[in-house]
Amino acid sequence: MRYLWLITCISIMYGAMGIELVDIGLEGTVLTAQELEQAKRGNTTIRRDVRDAVLWHQAIPTTGLLETTPYFPPHYPYLPHQFTLWELAPNKGRGVSIGIIDTAIGPNPDLMFAYQTINLVPKIEGSVTTAGEPKLSHGSHTMGIISGIDDGGENRSPSQDTGISGLAPNATITLLNAFENGKSSKNMLTRALEEAHRQNIDIVNMGLKIAESINLDDQSTKELERAIGHIPYTVTAAGNSGTSHLSYPAKFPCVTFDVGAFKYKDNAYPIFEVSQHEEGIGPLFVAPGYNILSSGYPDNDQATYVFMGGTSTAAPIMTGFVALMLGEFKDTFTKPQLLAVVYTSGFFMHDTQSWKSHSLLGTLDMRTALFVLHCLNYIRDHYPDVDFADKAQFETAVAILHDMLLQPIGGQAAKQNFAVFLNQNAHQSPHPTNLNLSQVVASVAHKAYQKLGGVKNQKNSTLFSHLPQYTQQRIEKKLKCSSES
């Protein structure tokens, strides 16, 4: 039997993969609720490296959830970044269902919301992980990243939240417990996906791997791939062995988002060394996956928060975004249309070989994707001569909007080396953020409509033509799966 492993940096460091001398940062560091609040306030009794790492994945511009300096307000005229993530997705994932295939979770005040648990293993005895340490519950950590409770209230910033808040706190969660003692099987994963399909779940998050290679002709493999294809949106970790092979199930073409990991360290964003990749295959995106703080298992009945890392912490960040997007636009655009916008909203933090080899599209700029979708929605609703059922017309509008938004910051060059761009503009005066989203969207959409008028009858879209051929082919396979699902 081939086992599936939850992929955490701890499992790597202690022998599961045999990798040594990897910088795992604060991996396994536990904070009490009081220590977390002190760290968020910058209290110097908390170590500086801990203070700097707390919730960095929510603060950086490509996420844009927290209103914290030096990222907000922005020091550059890029319109999507004048608004916070939840201003662009005020439903916060409401109406969207997420399945998390993971371990059981433990009680935590940021997970005290109604969620469904489906146990798929014969015997469940509390929360178990690869590391054998209950405080580091993998399932709890994953759920906190996606949907930790927002107790800041509708009219307060998430920066004022107590504890942690997930990216999509209003989403409906189903925990599919398919692991016991940190491992499962390919057949168990298929069962979990089939159950998610029966439950009509929108998104399934899989922070796990089978192996770098599997027998694609094996009947159980075909059943697994078929089960993946039945889920509208799947998000899967790339794997943590640091090898030049993308792991399965991330390598399956019908996985919607295969996700690697990058770090934040010393004002730079290097790729995390453990993140698996394969030339011409993927992962499609990378996301923050180093020193990620989320909910832990209680210690002596006290809430704890723990730092973990790896591609299985990057995947739920992408899952949280997908829930936000569907919460706003699930019934407005088709899946291929939504993916066309997301697949063109990637930024490369550094113009380095490491970034280019470890991801096909960089890291998703969440606010860019959401802003573009708001503009497309406005065009669709206000200009009846536009027909977005015409694929070429829709993708041309997407390209026009991206070009318009990037022009004030220097065009494509800024998104190909975004960290350098941020540093170059760090000392500029902040741009105003008291803009009215509806008015800005209407203005940008109208200008895009005027540009679209001259080209909307063209027969072919060039949306992905600037990408390498292998990237285009990988995207085409995923879009084909999307059209068939």
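Considering each of 253, 270, 316, 283 in turn, give the residue that is in contact (Cβ under 8 Å) with a residue 40 or more places away in the chain and under 27 Å from residue 106 (Cα atoms).
Every option except 316 fails the conditions.
Criterion first (more than 16 Å from residue 339 (Cα to Cα), modelled with pLDDT of 90 or more and part of a loop (DSSP other than H, G, I, E, B)) does residue 385 satisfy it?
Here the answer is yes, as residue 385 does meet what is asked.
Tell me the residue from 105, 149, 145 that is surrounded by 23 or more Cβ atoms within 10 Å (Cβ to Cβ) and modelled with pLDDT of 85 or more, please.
One residue alone meets the criteria, 145.
Which residues, counting only those in segment 306-345, are open to solvent by 10 Å² or more (accessible area, probe 1.4 Å) and touching a Lys or Arg at 6+ places or on another chain (Cβ under 9 Å)?
327, 332, 333, 336, 337
Answer yes or no: is there a residue in segment 350-361 that is assigned to a loop (DSSP other than H, G, I, E, B), touching a Leu at 6+ places or on another chain (Cβ under 9 Å) and surrounded by fewer than 24 Cβ atoms within 10 Å (Cβ to Cβ).
First, pick out the residues of segment 350-361 that are assigned to a loop (DSSP other than H, G, I, E, B): 350-352, 359-361.
The next check asks that each one be touching a Leu at 6+ places or on another chain (Cβ under 9 Å); those that pass are 359-361.
Still in the list and also surrounded by fewer than 24 Cβ atoms within 10 Å (Cβ to Cβ): 361.
For segment 350-361, residues assigned to a loop (DSSP other than H, G, I, E, B), touching a Leu at 6+ places or on another chain (Cβ under 9 Å) and surrounded by fewer than 24 Cβ atoms within 10 Å (Cβ to Cβ): present.
Considering segment 366-407 alone, what residues qualify as being within 30 Å of residue 60 (Cα to Cα) and open to solvent by 70 Å² or more (accessible area, probe 1.4 Å)?
403, 407
Would you check if there is a residue in segment 131-138 being modelled with pLDDT under 85 and within 23 Å of residue 249 (Cβ to Cβ)?
Yes; the residues of segment 131-138 include at least one that is modelled with pLDDT under 85 and within 23 Å of residue 249 (Cβ to Cβ).
The values are calculated or read from the model by the stated rules, or taken from the named source; none is laboratory data. None of these values were measured; they are calculated from a predicted model. Glycine gets a Cβ as well: all are built from the backbone with ideal geometry, and neighbour counts include every protein chain shown. We work out accessible area using only protein heavy atoms, side chains counted, and drop any ligands, DNA or RNA first. Shrake-Rupley method; radii C 1.70, N 1.55, O 1.52, S 1.80 Å.
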